[in-house]
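Let me begin by presenting the structure, written as structure tokens, before commenting on it.
The values are calculated or read from the model by the stated rules, or taken from the named source; none is laboratory data. In this text, all values refer to a predicted model and were calculated from it rather than measured experimentally. When we count neighbours, we look across all protein chains shown, and the Cβ atoms used for this are built from the backbone with ideal geometry, even at glycine.
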Amino acid sequence: MKKIIGLLIVSFGLIMFSAPTVFAASGASLFKANCSMCHAINGQGGKMAPNLSHIGSKMSLSALEAKIPTMPGKAGLPKSTVDSIANYLESLK
Ligand code: HEC
């Protein structure tokens with residue numbers, strides 16, 4: 001019984017630990033698909049818009065969430081997509 005409880009605690013810890021990483025990773029791929037034609041991060045992407053490599057130290061999460069739908073052609077992005085990208089960008093300090 002102790003073993004099972006230990007295992008449960010370990011797997012719960014792993015899930016909690018890995019979830020934000022998965023979130024950030026999908027934010028990164030959503031950014032690539034939707035934004036990188038104009039914006040570069042760490043040298044990868046377009047040059048016609050501001051570089052976003054350190055945007056997390058300039059804009060808050062809520063400012064990013066408000067900004068994304070104002071981008072050309074992005075007014076219709078689902079909120080979940082906007083949130084994933086905003087979380088990813090907010091992590092870039
Ligand atoms: C067609 C080109 C284009 C696309 C696509 C685009 N942007 Fe932009 N973005 C711009 C331009 C140009 C600016 C600068 C003018 C402005 O702030 O509105 C900008 C500004 C920004 C800023 C503010 C940067 C700063 O330093 O103030 C953020 C954040 C941003 N975009 C995020 C995104 C995200 C996230 C996406 C994808 C969902 C995206 N953009 C898609 C052209 C684009």
Applying the selection to segment 78-92, what residues are part of a loop (DSSP other than H, G, I, E, B) and either near the ligand (Cβ under 10 Å from one of its atoms) or within 14 Å of residue 31 (Cβ to Cβ) (or both)?
91, 92
Extreme residue, surrounded by the fewest Cβ atoms within 10 Å (Cβ to Cβ), among residues of segment 39-77 that are farther than 17 Å from residue 28 by Cβ and more than 10 Å from the ligand (Cβ to nearest atom):
76
Condition first: more than 9 Å from the ligand (Cβ to nearest atom) and at pLDDT 95 or above. Can you find one or more residues in segment 9-21 that meet it?
no
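Quick one: how many residues across segment 48-64 are assigned to a loop (DSSP other than H, G, I, E, B) and hydrophobic (A, V, I, L, M, F, W, C)?
4
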